[in-house]
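Each remark here refers to the structure printed beneath this line.
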Amino acid sequence: MISASLGKHSVNVDVVSDSDDGGWMVFDITATGFGSGDMFLHWGVGKQHAEEWIVPVEIQARTTPTANRVPGALQTPFPPPDGQNGRKVRLEINVDAGLKGCQFVLHKKPNEWLKNGSRNFFLDFSKVADSRGFRELVTEATKANPAAKVSCYSSSGVEVAVLAASEGECCNVQAIVRSERDLVLQYGPAGDDRRWTSSTRLSLQNSGGDIYKGEIKIEAQNLNKYLMFVLHDPSVNQWLKDAGRDFSFELPRDICKTVTAKPPEPAQTFDPAPRLQRRASKLF
């Protein structure tokens, strides 16, 4: 539901259960790459509207490990890292409490606060039911190819799942996008510095309703550590990114290769091209 990259760190929020007949919605919040020092989930919920921040009582919302009340918020300590260097907190929301959303930041003492770019991490509970079909489709695709690596992202109401699996010396990538808009996927490989080494545009094909799909085959000579991508809405020339940064998907380690480092070049991004340049090509 949320996947954010914070330099060498990442934060992911996954929907475990989205009970639509009462009961509890369950989310796993996983922070990866933050080491073993004390770190806390600092959070609140919205009652009147999704972006409100109030402190809930336990019959409305709870976490595992147990949260502690601090001025203006709840704080939940992250457990020690697991074998993949991930630290997970489970958040449970009582559906009958009528809560609209949840916001959180990560806190490392004494005064370090980690956000999603310049904003708090934000869950809009109304979007959970809306995206149920998308999540079920991703689950089915994962079951059909259990060896695939899967990551999910969201941006401006658009949800994206990327699945990658090896095929010989190549890598097959499937993109599943939930969007009300007809989007183009622009992607390219990158090394540790996440600088694009090339760029390709892929028109996504509608698979019914608000679901779009795209297939990418990365040949051996083009494999690198990351697959970078952005989404483009040509109708309004809008670029959808990950909190202002290009999305980065780390390819499966068994097939990605290290590319010989080149002299530093200015980092490439794919902001809108100049107007005359866009007119000159009917492809864009």
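Quick note: the coordinates plus some simple rules give every number you see, no bench work behind them. Predicted model only: the values in this text are computed from it and were never measured. Heads up, the Cβs are rebuilt from the backbone with ideal geometry, glycines too, and the neighbour counts pull from every protein chain shown.
For this structure, a couple of remarks:
- Among 179, 235, the order by Cβ neighbours within 10 angstrom, fewest to most, reads 235, 179.
- Assigned charges on the beta-carbon of Lys, Arg, Asp, Glu; the chain dipole about Cα centre (debye): 840 debye
- Each peptide among 222-232, 67-77 gets the average number of other Cβ atoms lying within 10 Å of its residues, and from highest to lowest they stand as 222-232, 67-77.
- Positive dipole terminus of segment 2-129, leading residue within 85, 64, 12 (C-beta point charges): 85
- For 47, 149, 143, order by how many other beta-carbon atoms lie within 10 Å, fewest first: 143, 47, 149
- By the count of other C-beta atoms within 10 Å, a proxy for reagent exposure, 140, 92, 51 are ordered fewest to most as 140, 51, 92.
- The C-alpha atoms of the chain define a longest principal axis, and helix 132-144 lies at about 60 degrees to it.
- Cα-based Rg of segment 32-119 normalised by 2.2 N^0.38 Å, two decimals: 1.10
- For the chain, calculated [θ]222 nm from helices alone, where every DSSP H run of n ≥ 4 adds -39500 (n - 2.57): -2500 deg cm²/dmol
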